[in-house]
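Accompanying notes for the structure given below.
The values are calculated or read from the model by the stated rules, or taken from the named source; none is laboratory data. Everything numeric in this text was worked out from a predicted model, so none of it was measured. Ideal geometry is used to build each Cβ from the backbone, glycine not excepted, and the neighbour counts take in all protein chains shown.
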Amino acid sequence: MQSEPLDPGLRKPWNFVLLYKYLVLGFVTLLIIAPLITTALGGFKSAADLRTNPFGLPTVWHWNQYTDILLGIDYWRYMGNSMLISAISVFVTLLCSTLAAFTFAHVKFFGKEFIVGYLMVGLLFPVATAILPLFVKVRDMGLLNTYWGVILPTSAFSLGMSILLMRNMFEKLPRELLSAALVDGCGYIRFFWHITLPLSRPILATVGIIAFVASWNQYVLPLILLNSEERYPWPLGIMEYQGEFTTDWHLILAFVTLTVIPAIVVFLATQKYIVAGLTAGAVKG
Amino acid sequence: MATVEITNIEKYYGGYHALNDINVDIADGEFVVLVGPSGCGKSTLLQMIAGLETITGGELRIGGDVVNYLPPKQRDIAMVFQNYALYPHMTVGQNMGFSLRIRRDPADEIKAKVERAAKILNLDQLLDRFPRELSGGQRQRVAMGRAIVREPQVFLFDEPLSNLDAKLRLSMRTEIKELHQRLKTTTIYVTHDQDEAMTMADRIVVMNTGVVSQIGAPLDLYDRPANTFVAGFIGSPAMNFMDGTIQGGKFQAANGSSWALPSDAKVTEGQRCTFGVRPEFVEAGGDVAAKVIVTEPTGSETQIVADMGGEHFTCLFNERIAAQPGDTLKIGADPEKCHVFDIETGLRL
Ligand SMILES: Nc1ncnc2c1ncn2[C@@H]1O[C@H](COP(=O)(O)OP(=O)(O)O)[C@@H](O)[C@H]1O
Ligand SMILES: [Mg+2]
């Protein structure tokens, strides 16, 4: 049977809303993509070309600027350092914040709210304010110019936000899951391992990405705490192209473009876990 | 299998006295239902038996051993929750086998036990599904499966059927009853539905605001309720109550009606009391007049709500009664099936 054509008055506003959504999304996408593309294209230009024609296509495509970076040893060393520092920072952040958040979510003890509040206050302080005391502490611990000297403060700065997010997630898990697990023979540790962690994959991925990006892009901490070039992460590596009198912007653009790639790979690898509805079916909704 | 002895159990939540001197002895293999209105402390008591709530005072024994301070995993109990509480990231099979896995049973043994339980509960086709892919009734059965694979000493159920629709509720009731007859495991079952309690229980514990009101077999509670609370709670539609005094060996209600007393009632002339008549024991053709307000025929029965001196009075007749609103009915009741309670304490006289 032929169905009745829908009332045009009902369909039109819907199409309009969709159009509006696409327009807004397109605009936002453009805002994000345009600088990325400009950067990537800039890496192909000569210094002179970049100055006269910053936004257009390169007049001559200088592929060698990319291949030189990729074939040189410095790029890989900076990448390796950044990767190592970021990966361990993420691991330390996740380890500490899941354990702390679980304790805060499930164990009642004296002074809990105070400790949580103390951690949250940490969110208010930017890294810059802590630089001097941090430098002194790290020096006293003998960790200056070591990877750990950067990793530990980086993780510490991620902890406040991570614990906040995870504690919310853990508290949202149905309480009856804990009861069921306790009756099924778990203690708190097994419950954490077998139930809480698998159900928290979305938040673990989210927190992991936030911590990774923060650590991947950080400049100030390694600048202060590292002094040998062998341990520099990539944001410090860029300085190599910054001469005393001139800055090779076209090379910097090519370098920056190449450093974005690992971050994108990490994002793509983890984003599949950031799916809602993992807890669906636990209890009757 | 085991006995459960609850002796002088108390529970305080801060200053709030949630349970007051609870005493229940449950025999090995018995099916006991805790029933009472919402908020009376049934779940609290069950959680204390499970070890999920601390016990403020008194003694709890399972299988003869005091377990007050044992964690849930050492009490050898299994519990079915109102919201099922299935692990969302595990399949049906993994959900059911989880406790055995935690116990480190051999894998093939776990598999065999899960399959056997699945067969009993008709879940064998669903073992690889996730909870989100199941209907409410199936989730409920998985929750039960998770309990029975353990072969625990005691089953605890907390309103397991209240999330199901009416029809499914009736069939699951039968399934749980059958399961109990087959496994003969001591079972404590919590519900707020007196009908569920009456049909399933070997013995019912009626609770009211933190105290045990009466304990007894379903029909004993129905025939000889110890107080007005139990009398009004057990039986549907609820018992009619009238206040009045004893005059000339009869009960003279304030609403003007007069009723013969049951022969075992211990009352004295002039005593003020509450008189109870169950709607289903009201007979047509007595000397009490009642004015019909509404008639609700169901086919097999006729329920009539009538006005008696300004109070509502419910009657349930087994035959079809052609009464119209406004008509006056003449009714009565077998005095042996009526109940007299103290007007102050509400206790049976
Ligand atoms: N964790 C708690 N803290 C404080 N009061 C509680 C807590 N749990 C239950 N209560 C109170 O105890 C009483 C009994 O609760 P509950 O056992 O859940 O009742 P039921 O299961 O019979 O409906 C209720 O008044 C409830 O508000
Ligand atoms: Mg309850």
Quick one: count up the residues across the range B:70-80 that are closer than 30 Å to residue B:136 by Cβ and more than 8 Å from chain A (Cβ to nearest Cβ). 3
Please indicate, with yes or no, whether at least one residue in the range B:12-30 is in contact (Cβ under 8 Å) with a residue 24 or more places away in the chain, under 26 Å from residue B:176 (Cβ atoms), surrounded by fewer than 23 Cβ atoms within 10 Å (Cβ to Cβ) and over 19 Å from the mean Cα position of the chain (by Cα). yes
Among (1) surrounded by 18 or more Cβ atoms within 10 Å (Cβ to Cβ); (2) modelled with pLDDT of 90 or more - the single one residue A:119 does not satisfy: (2)
Residues of the range B:205-230 satisfying the condition of being surrounded by 17 or more Cβ atoms within 10 Å (Cβ to Cβ) and in a loop (DSSP other than H, G, I, E, B): B:210, B:225, B:226
Counting only helices (runs of 4 or more DSSP H) wholly inside the range B:36-121, the ones holding at least 2 residues that are out of contact with any Ser or Thr (no Cβ under 8 Å at 6 or more places or on another chain) and more than 16 Å from ligand 1 (Cβ to nearest atom) are B:92-102, B:107-120
If you check residue B:288 against the conditions, is it in the same structural domain as residue B:255 (by the TED database) and in contact (Cβ under 8 Å) with a residue 60 or more places away in the chain? no
Of residues in the range A:192-219 being over 17 Å from the mean Cα position of the chain (by Cα) and in contact (Cβ under 8 Å) with a residue 60 or more places away in the chain, the one surrounded by the fewest Cβ atoms within 10 Å (Cβ to Cβ): A:197
Within the range B:149-191, considering residues that are out of contact with any strand residue (DSSP E or B) (no Cβ under 7 Å at 6 or more places or on another chain) and within 16 Å of ligand 1 (Cβ to nearest atom), the one farthest from the other protein chains (Cβ to nearest Cβ): B:161
Tally up the residues in the range B:33-69 that are more than 12 Å from chain A (Cβ to nearest Cβ) and within 16 Å of ligand 2 (Cβ to nearest atom), please. 13
I want to confirm something. Restricting to the range B:81-120 and keeping residues that are under 19 Å from residue B:158 (Cα atoms) and more than 9 Å from every other protein chain (Cβ to nearest Cβ), which single residue is farthest from ligand 2 (Cβ to nearest atom)? B:96
Could you list, in sequence order, all residues of the range B:127-147 that are more than 20 Å from residue B:82 (Cβ to Cβ), more than 13 Å from chain A (Cβ to nearest Cβ) and either surrounded by 18 or more Cβ atoms within 10 Å (Cβ to Cβ) or touching an Asp or Glu at 6+ places or on another chain (Cβ under 6 Å) (or both)? B:127
